[in-house]
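Encoded as structure tokens, the structure appears first; notes follow it.
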């Protein structure tokens with residue numbers, strides 16, 4: 001998050017890595033759609049908790065998809081790790097549009113949730 005703040009980026013993505021000893025060093029499994037991390041007025045929040053709230057929006061659904069893929073793999077009798085997931089077609093266009101909306105509040109916990117009712121886990 002600190003590099004995001006230092007760069008004053010307007011968008012970012014959440015990345016799922018395979019577990020490794022170093023933080024963010026594992027192979028990339030997938031990334032979320034773009035997420036707008038600017039406030040409505042175009043400024044960058046100085047509240048890291050607000051930024052964290054916004055960046056966490058797609059994480060539950062990404063995690064659920066990863067878990068469902070692991071379950072399907074296990075049920076098919078296959079062993080091993082998940083190497084890649086394709087989130088490009090997983091999230092609906094409407095959900096992607098909502099992720100690109102600016103942060104509505106500069107107060108922690110007023111950003112969540114954004115739920116995509118069209119997601120299919122299995």
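The values are calculated or read from the model by the stated rules, or taken from the named source; none is laboratory data. The model shown is predicted, which means the values in this text are computed figures rather than measured ones. Cβ placement follows ideal geometry from the backbone for every residue including glycine, while neighbour counts extend to all protein chains displayed.
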Go through 84, 54 for me and flag whichever is in contact with a strand residue (DSSP E or B) (Cβ under 8 Å, 6 or more places away or on another chain), at pLDDT 85 or above and within 19 Å of residue 4 (Cβ to Cβ).
-> 54
Within the bounds of the range 36-50, is there any residue that is at pLDDT below 90, closer than 21 Å to residue 89 by Cβ and in contact with a strand residue (DSSP E or B) (Cβ under 8 Å, 6 or more places away or on another chain)?
-> no
Would the range 65-84 turn up any residue that is loosely packed, with under 12 Cβ neighbours inside 10 Å and closer than 27 Å to residue 101 by Cα?
-> no
How about the range 10-24: which of its residues are modelled with pLDDT under 85 and in contact with a strand residue (DSSP E or B) (Cβ under 8 Å, 6 or more places away or on another chain)?
-> 24
